[in-house]
Amino acid sequence: MRPLPAPRAFAFDLDGTLIDSRRDIAAACNHVLVTAGRAPLEEDVIATFVGDGARALLARAFGLDRGAPEIESLHDEFVRYYAAHPVVHTDWMHGALDALSALAPRPLAVVTNKTRTVTLAILDALGARARFAAVYGAGDGPLKPSPEPVLSVARAMAVSPADLWVVGDAVQDIGAGRAAGSATVAVLGGFQPEARLRAANPDRVIASLAELPALALAL
């Protein structure tokens, strides 16, 4: 385990890391399925489709190729519905708000593969947008595991990627952070199985965000 640099800033994934959005994602996906004449899917099935953005989620739910022409209209309806119902069931993950407050003297960012429109609707509905110095979502450029989302928020917060910790519940987060040259912290209990997350070799693994302040502020 390599020593972690003292963090000057933090980039957090959203779904499964900061917020428990499983039911609202499933509701939006099932809305699109039913509107298109398909049967709804179980929430646990839809959860396995999460991580690579809404277009990938819908392609998996409909059994389509990700480049299928139907995806754009399905995506538009998904975003329309989800932005209108952003936090019907969504709440903070365990320890998330306390961690954000404890780390707040340092700049914080959200780096998500969720559509930016929906991301901002959620942050606004939770009264949380002002907590973040930068927000990167789908529509702003390449998605994780590309390093560009991490590099983008590092530039916005005027910190070196080497001084930034990337915190997330998925292999996409770990891949993006590593490619950007940042420290990576995996949080268990989100959308991806623990074994898959550990196999991505994050720099640290924590059970919940409740553990993050002690880990970060000790450096």
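Of note:
- Nearest-ten-degree value, helix 171-180 long axis tilted from longest Cα axis of the chain: 50 degrees
- Cα Rg, Dmax (largest Cα-Cα span) when computed across the chain, Å: 16.6, 54
- Residue-span extension gain [ALA36 to ARG8] - 0.36 nm each, minus C-alpha spacing: 5.4 nm
- Nearest-ten-degree value, helix 22-35 long axis tilted from longest Cα axis of the chain: 20 degrees
- Other residues whose C-beta falls under 12 angstrom from the C-beta of ALA84 contribute a net charge of -1, scoring Lys and Arg +1 and Asp and Glu -1.
- Rounded to the nearest 20, the size of the Cβ-charge dipole of the range 110-219 about its Cα centre is 120 debye, with Lys and Arg at +1 and Asp and Glu at -1.
- Computed about the Cα centre, the dipole magnitude for the chain is approximately 520 debye when only Lys and Arg (+1) and Asp and Glu (-1) carry charge, each at its Cβ.
- Mean sequence separation of contacting Cα pairs (under 8 Å, at least six apart), scaled by the length of the range 6-150, corresponds to a relative contact order of 30 percent.
- At full extension, ASP98 and LEU217 could sit 41.5 nm farther apart than now, given 0.36 nm per residue minus the alpha carbon distance.
- Within the listed set SER152, SER160, SER21, the residue fluctuating most in the Gaussian network model of the chain (springs between alpha-carbon atoms under 10 angstrom) is SER160.
- Diffusion coefficient, µm² s⁻¹, Stokes-Einstein with Kirkwood Rh over alpha-carbon pairs of the range 177-219 at 20 °C and 1.002 mPa s: 193 µm²/s
- Note on the chain: with a GNM built from Cα contacts shorter than 10 Å, the maximum mean-square fluctuation among GLY168, GLY37, GLY137 falls on GLY37.
- Dipole magnitude for the range 22-84: computed about the Cα centre from +1 point charges on Lys and Arg Cβ and -1 point charges on Asp and Glu Cβ, it is near 40 debye.
- Based on alpha-carbon atoms, the Kirkwood radius and the radius of gyration of the range 22-84 give Rg/Rh equal to 0.90.
Bear in mind that the values in this text are calculations on the coordinates, not laboratory data. Quick caveat: nothing in here was measured; it's all calculated off a predicted structure. No Cβ is skipped: glycine too gets one built from the backbone with ideal geometry, and neighbour counts run over all protein chains shown.
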